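Contents: one structure, followed by commentary.
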Amino acid sequence: MAKWMSVAQVKEKIKESSAEEVTARYLEVIGKSKTNGYVTVSDKALEQAKKIDAEGHEGPLAGVPIAIKDNISVVGLPNSCGSKILEGYVPPFNAHVIEKLLAAGAVILGKTNMDEFAMGSSTETSYFGPTANPWDLERVPGGSSGGSAAVVAAGEAPFALGSDTGGSVRCPAAFCGVVGLKPTYGAVSRYGVVAYANSLEQVGPLANNVEDIAVLMDVIAGYDRRDSTSIDSKTEYQKALVNDVQGLKIGVPKEFFGEGIHPDVEKAVRGAIHKYESLGATWEEVSMPNIKYALASYYIIAMSEASSNLARFDGTRYGFRANAENWHAMVSKTRAEGFGTEVKRRILLGTYALSAGYHDKYYLKALKVRTLVKQDFDKALSKVDLLMAPTMPNPAFKIGEKIEDPLTLYLSDVNTCPINLAGVPSISVPCGFTDGLPIGLQIMGKPFDESTVLRAAYTFEQNTDHHTKRPPEVE
Amino acid sequence: MITKEDVEHIGWLARIEINEQETVEYMEKLNSVLEYFGQLDELPTEDVAPTYHVAEVYNVFREDVAEECLPQEVVLANTEHKQDGAFRVPKIG
């Protein structure tokens, strides 16, 4: 059995042999993993696959294995969010996306490593240690869905779910040479996903190709009454897979090619845009003047929401609890010992930004800037069908290189976080390499126009071969 | 600029115990990030409305119907600290 297979090939293999054999093969690959991409391998995966073989499941993903980021609740599997504070916590309910996957017949291989509570751009802040990039084991896979991207790139799962708050699906997709989609805000229910910054985050798929992204979106997207921001967009994702960009208008926002961009990244992305031109699309430079303020606005909002959301972790009902004589000391000690440095830093900053006297200066100001950033997107996307830019300004950096300096690490989200402020869909697809490390092209679209985003991504893939390259480290 | 006293106060508000050495470290790192946030001051926003949420959904209601909730033993399954069907915590104060 080939190590890297598309979902269509996996389904073919299941027909030829069995879901059990396919799952067993993936478990064997996981057993030899060098990435530390999984934090939990499900001991029920084989049993689940056998059941599908025995009962002849007809679902669109019958017997197809999938990896799940460790902040998405799956009954019976620990859900740690990469944190000590949730050590031993096993959710009593499934997330909406998990219900959908199980109904489609998917087999859950396990839970993937992540930056603690999805806060990070490198998957180095996990309580379970960093994940390695399959293209170079000394480098980060990107974050915070680094485990999900690494296991797909390393052939340890055909596809995976991640979550994207400021680029956490697209960043590791770019660094690991896979495809990652952040859907429009509201397209996928967040019910059962541990909240970090809920006005920004969306569950998103990671896969080896655009088709598999569409297959997964057709399963997980749709209305859920348990998420009050859920919207039924009625998009048929697989139908968007048309190899044609004739007449498509592309906007290239100059602000996404700012200072500090790696020259090979710029070259690969501009090369991709010229490829579109040769396929019949047109492009023009556009300006989004408020983008330079997006990063600061994003972090203030994310940290403020985090300080509120993470207040629920107090050691009372689940997870880690520190010993103390009274309740207040128990909570303060539990949170001091249970959260890692980066999470505490963000909670403290968020608490400060919301505190009396500073609310207007930081939080309210950031929300107003968010309006301006959103208006930039509305304006640009009223003139063109799509926007294209680098996903990450640089290729994957070395483990440990940026971790001591939070601001430097935050700056790596400069091209991805504006999208979350505006809530628009955005995909990262492989578009080249520099020194053997993958580069991602980011394609952004209008709200709920995933069809055009996927069509453009699919057409690029059909006419190039970047997505077929595999990492040498794990072969 | 955040002072040591500010860090201690925020730690108290956030219910995170911070020791003496950490206070200094946090003070330095938080100040460098806050300095970066300060760039927003140069952007005039007096007439701009804040965007709390981009989803265009308003007043999401459902019928007020009682539904099944998680059974007590399931709710208590994730902790060792329980007594008589309740979570057990140390005394307050």
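The values are calculated or read from the model by the stated rules, or taken from the named source; none is laboratory data. Given the structure is predicted, the values throughout are model-derived calculations rather than measurements. FYI the Cβ positions are ideal-geometry reconstructions off the backbone, even for glycines, and counts take in every protein chain you see. What goes into the accessible areas is simple: the full protein's heavy atoms, side chains included, and nothing from ligands, DNA or RNA. Shrake-Rupley method; radii C 1.70, N 1.55, O 1.52, S 1.80 Å.
Give me the residue from the stretch B:76-93 that is more than 9 Å from every other protein chain (Cβ to nearest Cβ) and touching a helix residue (DSSP H, G or I) at 6+ places or on another chain (Cβ under 9 Å) and, out of that set, most open to solvent (accessible area, probe 1.4 Å). The residue in question is B:82.
Yes or no, residue by residue, for (1) modelled with pLDDT of 95 or more; (2) part of a helix (DSSP H, G or I); (3) within 22 Å of the chain's Cα centre (by Cα):
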site	(1), (2), (3)
A:3	no, no, no
A:10	yes, yes, no
A:62	yes, no, no
A:67	yes, no, yes
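Residues are listed down the side, and each one gets a yes or a no for (1) open to solvent by less than 10 Å² (accessible area, probe 1.4 Å); (2) more than 20 Å from residue A:128 (Cβ to Cβ); (3) acidic (Asp, Glu):
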site: A:303; (1), (2), (3): yes, yes, no
site: A:312; (1), (2), (3): no, yes, no
site: A:328; (1), (2), (3): no, yes, no
site: A:337; (1), (2), (3): no, no, yes
site: A:348; (1), (2), (3): yes, yes, no
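When each of A:156, A:124 is tested for being part of a loop (DSSP other than H, G, I, E, B), open to solvent by less than 10 Å² (accessible area, probe 1.4 Å) and in contact with a helix residue (DSSP H, G or I) (Cβ under 9 Å, 6 or more places away or on another chain), the lone residue that passes is A:156.
Out of the residues in the stretch B:59-75 that are facing chain A (nearest Cβ under 10 Å) and not in a helix (DSSP H, G or I), which is farthest from residue A:369 (Cα to Cα)? The qualifying residue farthest from residue A:369 (Cα to Cα) is B:71.
Could you pull out the residue among A:434, A:464, A:452 that is over 22 Å from residue A:216 (Cα atoms) and open to solvent by 10 Å² or more (accessible area, probe 1.4 Å)?
Of A:434, A:464, A:452, the one residue that is over 22 Å from residue A:216 (Cα atoms) and open to solvent by 10 Å² or more (accessible area, probe 1.4 Å) is A:464.
Cβ separations smaller than 7 Å between residues 6+ apart or across chains give the following pairs from the stretch A:102-125 residues that are more than 15 Å from residue A:45 (Cα to Cα) to residues that are open to solvent by 10 Å² or more (accessible area, probe 1.4 Å) and in a strand (DSSP E or B): A:113/A:38; A:113/A:39. For the stretch A:225-243, filtered to residues that are in contact with an Asp or Glu (Cβ under 9 Å, 6 or more places away or on another chain) and open to solvent by less than 70 Å² (accessible area, probe 1.4 Å), the residue that is nearest to the other protein chains (Cβ to nearest Cβ) is A:231. In the stretch A:329-350, the residues that are more than 9 Å from chain B (Cβ to nearest Cβ) form Cβ pairs under 6 Å with partners that are of a type outside the set (D, E, K, R) and in a helix (DSSP H, G or I), at six or more places apart or across chains, as follows: A:338/A:85; A:343/A:117; A:346/A:303; A:346/A:306. Based on what the data block shows, is residue A:249 at pLDDT below 95, out of contact with any Pro (no Cβ under 9 Å at 6 or more places or on another chain) and open to solvent by 50 Å² or more (accessible area, probe 1.4 Å)? For residue A:249, the condition - at pLDDT below 95, out of contact with any Pro (no Cβ under 9 Å at 6 or more places or on another chain) and open to solvent by 50 Å² or more (accessible area, probe 1.4 Å) - is not met.
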